[in-house]
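For reference, the structure discussed in these notes is given below.
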Amino acid sequence: MNFRFNVNAANWRLLPNAWDGVAFPLIIGLIAMAAVGFHQTLLPITSLKTQAISLDPANLPEYALRTTLRMLVAMVAALLFSLVYGTLAAKSRRAEKVLVPILDILQSVPVLGYISFTVTFFITLFPGRVLGVELAAIFALFTSQAWNMTFSFYQSLRTVPRDLVEVSRGFHLTAWQRFWKLDVPFAVPGLIWNMMMSMSGGWFFIVASEAITVGNNTFTLPGIGGYLAEAILNKNIHAVGWVLLTMTVVILAYDQLLFRPLVAWADKFRMENTRSSDAPTSWVLDLMRQTRLIHQLLSPIGLLLSLIARIPLRLPTFRAHRPEIEQKRLSRWGDIVWSLLVILLTVYVAYRVISYVQTGVTLGDVGHVLVLGLITLLRVTVLIFISSIIWVPLGVMIGLRPGLAGKIQPIAQFLAAFPANLLFPAFVIVIVHFHLNPDIWLSPLIVLGTQWYILFNVVAGTTAFPNDYREAAANFHIRGWQWWKQVMLPGIFPYYITGAITASGGAWNASIVSELVQWGDTKVTAHGLGAYIAQTTAAGDFPKIILGIAVMALFVTLFNRLLWRPLYAYAESRFRAD
């Protein structure tokens with residue numbers, strides 16, 4: 001009798017309920033979207049010519065699905081990259097000396113710089129197929145997403161509280177177990193907010209990713225970016241309006257279906273002894289928890305991941321038992337040899353780059369590009385300073401109120417995703433009509449998509465700030481400027497530095513689409529390195545493209561080394577939540 005009851009109960013748990021009926025269409029729709037998108041990538045590359053982008057608004061739903069799928073694939077790749085790269089940079093002292101400067105350089109290389117060289121590689125890798133162009137577009141979106149997420153994960157790993165590290169050692173956790181039980185959970189809140197910002201950053205470069213022009217070759221993929229590029233070329237203001245409406249719907253959809261559930265789920269990883277009374281919520285997360293069949297189907301996956309995280313993996317060690325003095329001496333020699341190898345590799349790469357650039361560049365060109373870099377540097381510095389003054393206090397205000405953060409979240413995502421290309425008509429018409437100075441009036445386009453890195457990181461830092469610390473400050477009646485100086489600003493400072501670094505790199509990237517704007521046949525150009533790279537890319541002048549990219553990487557790297565990295569080290573040593 002008991003056996004029959006248990007069997008009936010087990011069968012009852014497997015029967016779908018009403019919530020399953022709501023959740024299943026969402027899952028089936030996602031699977032169908034992935035299947036259709038994969039089928040489209042197998043078409044011949046000539047289909048991009050025969051199936052030209054149509055400005056009929058009826059095609060926008062399909063284009064929106066294609067673009068969203070590309071961005072989700074790029075997001076998954078960026079997340080995996082962040083976990084691996086950020087861990088290596090944070091855990092290995094020698095790897096950090098190489099990986100962090102490389103990350104600075106990768107962040108400074110513009111999206112157009114990657115496209116100029118990767119599109120040929122991917123097309124050669126998959127000759128005659130749309131898949132090659134699709135991978136080039138996904139890789140371009142990946143480069144607009146990955147660096148911000150990697151910096152966030154790296155910053156979190158470097159600021160894990162020491163007492164939690166000691167607890168993990170007390171439990172004899174292996175490096176593998178500590179990574180999944182301590183490092184990743186501690187980094188999750190900030191990482192999710194940076195994923196939202198990275199997703200929005202991909203929208204900012206969607207035209208450059210889906211309408212690829214290198215020299216005489218033009219590849220336009222079906223998507224919102226390709227549709228917008230066609231609308232700008234044809235001066236179709238109505239089509240631009242339809243793009244704006246479609247983007248609004250798509251951003252609200254993935255905010256509700258993806259990021260809002262992630263934010264609500266990540267709230268359990270907040271480091272605090274007391275719980276906030278106003279926790280974030282998500283109707284999708286509540287829906288999935290109330291399903292019966294889907295919950296039972298997903299349980300084995302959750303159990304498997306939990307078992308994998310508990311595996312006591314240990315890396316083999318090759319250290320012999322030597323006296324401590326000898327070990328320090330060998331470690332010092334190891335550092336010297338490692339540094340020499342890095343220097344030699346850097347000199348070799350620099351030699352190869354200079355040798356190639358010399359074929360089409362003169363010393364006069366180098367001096368001219370350096371001056372253009374200084375102009376863009378001044379523009380970026382002023383804009384980041386203004387953005388910090390505005391968004392740090394507002395980000396703290398939003399982060400302290402999870403309910404308000406839930407309402408602001410989709411608005412901020414939409415504004416961060418707003419492509420500068422949508423404002424080209426207004427800026428070109430106003431600048432030409434009133435004879436304004438493009439060097440001044442095109443500058444707001446640079447900060448349009450990058451200021452949100454500061455806001456999202458400050459919100460993430462405020463959200464992750466322990467609630468018991470805030471209650472202690474309230475009990476001691478710490479208010480006003482003293483509260484900002486002694487409590488909140490130190491608490492969010494590491495997150496702000498991460499946001500400022502990525503905002504600065506993003507602003508350099510944004511200068512490419514902001515210093516040269518076009519509406520139909522009318523072009524407005526500002527003086528700067530971004531306009532130089534955009535012009536040389538359109539002309540297919542590869543030596544000058546490399547020169548522009550190299551100078552941009554030089555400026556960004558020096559700026560990070562001289563300003564942001566010292567501030568980062570200061571934040572890491574002084575403002576850990578220990």
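The values are calculated or read from the model by the stated rules, or taken from the named source; none is laboratory data. Everything numeric here is computed off the predicted structure, so don't read it as measured data. Backbone-built Cβ (ideal geometry, glycine too); neighbour counts: all protein chains shown. In case anyone asks, the SASA skips ligands and DNA or RNA and just uses the protein heavy atoms, side chains included. Shrake-Rupley method; radii C 1.70, N 1.55, O 1.52, S 1.80 Å.
See the values below:
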{"read-out": "Reduced Cα scattering model of the range 375-447, Debye log10 I(q)/I(0), q = 0.12, 0.13, 0.20, 0.23 Å⁻¹", "value": "-0.48, -0.55, -0.98, -1.08"}
{"read-out": "ARG129 long-range amide H proximity, modeled H, under 5 Å", "value": "ILE45"}
{"read-out": "Two-site FRET efficiency, ILE102 against ARG169, from Cβ-Cβ distance with R₀ of 25 Å, rounded to 0.05", "value": "0.25"}
{"read-out": "Derived scalar couplings ³J(HN,Hα) [the range 561-571; Karplus, 6.51 cos²θ - 1.76 cosθ + 1.60; whole Hz; x for Gly, Pro]", "value": "5, 8, 10, 6, 5, x, 5, 5, 5, 5, 5"}
{"read-out": "Packing rank of 542-551, 395-404, where each peptide gets the mean count of other beta carbons within 10 Å, highest leading", "value": "542-551, 395-404"}
{"read-out": "Debye-sum result for the chain in log10 I(q)/I(0), which assumes one identical scatterer on each alpha carbon, at q = 0.07, 0.12 Å⁻¹", "value": "-0.46, -1.32"}
{"read-out": "Heavy-atom accessible surface of the chain: percent carbon and sulfur, 1.4 Å", "value": "70"}
{"read-out": "VAL342 paired with PHE476, simple spin-label distance in nm, labels 7 Å along Cα-to-beta-carbon", "value": "3.8"}
{"read-out": "Linear extension gain, ALA77 paired with ARG574, 0.36 nm per residue minus alpha-carbon span", "value": "175.6 nm"}
{"read-out": "Percentage relative contact order, the chain, counting C-alpha pairs under 8 Å, at least six apart", "value": "22"}
{"read-out": "Net length gained if the chain between LYS485 and ASP468 were fully extended (0.36 nm per residue, minus Cα distance)", "value": "4.3 nm"}
{"read-out": "Translational diffusion of the range 160-240, µm² s⁻¹ [Kirkwood Rh, Cα pairs; Stokes-Einstein; 37 °C; 0.692 mPa s]", "value": "199"}
{"read-out": "Cut-off 18 Å (backbone N to label point 7 Å along Cα→Cβ of ILE308), residues of the range 118-157", "value": "none"}
{"read-out": "Between the range 347-371 and the range 150-174, the alpha-carbon center distance in angstrom", "value": "43"}
{"read-out": "Accessible area per residue in Å² at 1.4 Å probe, computed on the range 500-553", "value": "25"}
